[in-house]
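J.: Before anything else, here's the structure in question.
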Amino acid sequence: MNVSGMDGAATSVSRGSDAQQARLRLALGPLAYYWPRAQVHAFYEAVAGFAVDVVYLGEVVCGKRHEVGFADWMAIARALEAAGKEVVLSGLALPESETDLRILRRVVGNGAFVVEANDMGMVRLAAEAHVPFVAGPHVNAYNLATLGLLRDAGALRWVMPIDLGADALRAMAPLPLPVEVFAFGRLPLAWSARCFTARARDRAKDDCGFTCRDDPDGLALATLDRESLFVLNGIQTQSARPSSLASVIDEAAALGVSVLRVMPQSQHTAEIVRSFRDGIDGRVTPEEAARTLEALTGATRPGYWRGAAGMGPRTEARA
Amino acid sequence: MDAVVADSHPAARGSVACRAPDLVCPAGSLPALKAAVDHGATCVYTGFRDATNARNFAGLNFSLADLEIGVRYARDRGVRVLIALNTYPQAQNYAAWCAAVDRAAAVGAHAIIVADAGLMAYAAKRHPNLALHLSVQGSATTYEAINFYADRFGIKRAVLPRVLTLGQVASVVAHARTEIEVFAFGSLCVMVEGRCQLSSYVTGQGPNLNGVCSPASAVRWTETAAGREVRLAGVLVDRFAPGENAGYPTLCKGRYEVEGATGYAIEEPVSLNTLSLLPKLCAMGVRAVKIEGRQRSVAYVAEVTAVWRAAIDACICDPEHFEVDAAWDARLARLAEGRQVTLGVYHRSWR
């Protein structure tokens, strides 16, 4: 298990032994969409050259998606590790069946990489196998008591639920685990047994024809007065607009955040990573990085981070 | 439906005697609690009048004094009271949630229904005699997740999210080291409970942290030339033609546009009704069936409890010849949201 160096700097800060602010690291979250196999491989070949420190790999949304199999993900993981990335293998957020559990057991038993648990079932599997894990954003860990339990079960890092913000971090300090924050991407808002993409296309989930492959950034849903509201991504519902914490990079660092997570999109992921990198390294101000990303992607200003509605201050996007 | 899997369970095939599942009924007030007890509930679930539970609505839920009366009323009649403490506490309010656990124990509740692992650890340590049920808000969809809580806190029962097909429920029952409770009737959450931020995304308040969904303070109705519009924090959720039945605006049951088509893109406003599945649920070993609706009227609680009591009794008496009485369905249909019912996800094609 290549856990050496994992969050080394951040851990020393969380122990309070080092008053110096740790360097904020940048992570690329797991791909939420179903892209054709060639596109996935091309994307991660490019990621090897991205200025990210951590890369999460694997299928989080739907156990039926098969364009990229476990062996493919492992090959991509080894290539990215060779390129100097810290690799984490992510697990399904909503396991339902024995088949899904088999997938999770295979991820946990990969033998080489740290895993991300997105459900308490996978937390248990990782704990039983003594495999260190990142407690992903879909594990409902909202307080220190729960974080302590996760740490005791083998968690190395906590990805804060998307609906927590700066006040929660302040109130929880000092944290028992290094913290990662969802910093850019369409917010993963809800999960269902129902596949909304299949439903929109009049298909049964069991005979979906993998129609989500047609939506490289999810299927847009607008209100009756044409405000872009959500994106349907199989069993997952996301915000239509990406949420961006670029404007609060410095605030996050000051609060002891170790890692900022940026999510893959079919367009502009390289530019998004670059803007965050520039903001973290001080080549541009956080405000400049935020404006660049707004212009490029229509990203919203911090909402949950400020203890407000996740959609942030209302500047309506028309479909 | 996963009939193949469900029917392959030995108890589903033949004359194996079924054990009656607990009938777990909602009570948002003392009169509702009494109605549930009087009409045949095995358990009544309630909550305190604050954000510690997922039905934190104005005018709903129990003061400590009412709860004391309610627990005594139920206990004298052999009915167990469960208290839902199923929202997620944060550092700022953690002590208040722990105090609610202490109050639940002091008032003599049989069990608390909890979602947060940290709070469960507190309850298990402080009140070892207070049974722990894993709330549906805990989003445990597999036996591995349920056994995580069983390993650590000795939980007695887990309530399954309305996500699994009958076959999947049977698999969880077979492998979980706790009793399993399923939703049987009431409003249908299409999203996995505990995994839905639609309300908080738009309004800043949601089930996990605030115990509310689509808070009434954020709802605005407006008559327009295009019809009667309902908005949530400014976001248009639906528009109704004259005479059209206008339901409460939750984001999952709104009408939207997807690829040029307009409609209920996420879920129609329908209710779950699983009466016809009762023999299968019993046969696979489901230990409790839950009625949704702490926010509903006393009359609703009385009627639904009475129908389900009759159905369970009939099913246990003669599971092989159990048939849903048309009168039961008619009585339940009158109470259902949107007056339409569905087998929901238990019927595989719903997905």
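J.: At a Förster radius of 56 Å, what calculated FRET efficiency corresponds to the Cβ-Cβ distance of A:Arg78 and B:Asp38, to the nearest 0.05?
T.: 0.30
J.: Distance from the Cα centre of region A:246-274 to that of region B:262-309, in angstrom?
T.: Here the answer is 44 Å between Cα centres.
J.: Once you sort the root eigenvalues of the Cα gyration tensor of region B:214-264 as a ≥ b ≥ c, which label holds: rounded (a/c under 1.5), prolate (a/b larger than b/c) or oblate (the other case)?
T.: Since a/c reaches 1.5 but b/c is at least a/b, the shape of region B:214-264 is classed as oblate.
J.: Still on this structure: Report the calculated FRET efficiency for B:Arg19 and B:Leu64 (r = Cβ-Cβ distance, R0 = 41 Å), to the nearest 0.05.
T.: Approximately 0.75, to the nearest 0.05.
J.: Given B:Lys253/B:Lys290; B:Lys125/B:Lys280; B:Lys156/B:Lys290, which pairs have Cα atoms separated by over 27 Å?
T.: Beyond 27 Å: B:Lys125/B:Lys280.
J.: Further question: Chains A and B: how much accessible area gets covered up at their contact, both sides added, probe 1.4 Å, in Å² to the nearest hundred?
T.: That pair hides around 5500 Å² of surface in total.
J.: What are the principal axis extents of the Cα atoms in chain B, in Å, biggest first?
T.: Cα spread of chain B along its principal axes, largest to smallest: 59, 49, 37 Å.
J.: Grab the DSSP H runs of chain B that are 4 residues or longer, score each as -39,500 (n - 2.57), total them, divide by all residues and round the 222 nm result to the nearest 500 deg cm²/dmol.
T.: -10000 deg cm²/dmol
J.: Length gain on complete extension for the stretch A:Ala270 to A:Asp206, per 0.36 nm per residue less the alpha carbon to alpha carbon distance?
T.: Extra length available between A:Ala270 and A:Asp206 comes to 19.5 nm.
J.: Output the residues of region A:108-126 meeting this criterion: accessible area (heavy atoms, 1.4 Å probe) in the chain alone minus accessible area with all protein chains in place is 50 Å² or greater.
T.: A:Met120, A:Arg124
J.: Taking 7 Å along the Cα-to-C-beta vector as the label spot, tell me the A:Arg102-B:Thr224 distance in nanometres, rounded to one decimal.
T.: 5.0 nm
J.: Please identify the longest segment of chain B free of exposed GluC sites (Glu not before Pro), where exposed means a DSSP state other than H, G, I, E or B and no more than 14 other Cβ atoms within 10 Å.
T.: Counting only loop sites that pass the neighbour cut-off, the longest clear stretch is B:1-243.
J.: Net charge near B:Ala158, counting Lys/Arg +1 and Asp/Glu -1 over other residues with Cβ under 15 Å of its Cβ?
T.: Net of charged neighbours comes to -1.
J.: On full extension of the chain, what length is gained from B:Asn245 through B:Ala299, given 0.36 nm per residue of separation minus the C-alpha to C-alpha distance?
T.: Residue separation times 0.36 nm, minus the Cα-Cα distance, leaves 17.3 nm.
J.: In whole percent, how big is the carbon plus sulfur part of the accessible area of region B:214-264, probe 1.4 Å, protein atoms only?
T.: For region B:214-264, the apolar C and S fraction of the accessible surface comes to 52 percent.
J.: Assuming R0 = 22 Å, what is the FRET efficiency of A:His130 and A:Phe70, from their Cβ-Cβ distance, to the nearest 0.05?
T.: Calculated value: 0.60.
J.: If I stretch the segment between B:Ala327 and B:Asp102 completely, what's the gain in nm (0.36 nm per residue apart, minus their alpha carbon distance), one decimal?
T.: 76.7 nm
The values are calculated or read from the model by the stated rules, or taken from the named source; none is laboratory data. What you are looking at is a predicted structure, and each value in this text was computed from that prediction instead of being measured. Counting neighbours? That spans all protein chains shown, and the Cβs are built from the backbone with ideal geometry, glycine included. Just so you know, the surface numbers come from the protein's heavy atoms only, side chains and all, with ligands and any DNA or RNA stripped out. Shrake-Rupley method; radii C 1.70, N 1.55, O 1.52, S 1.80 Å.
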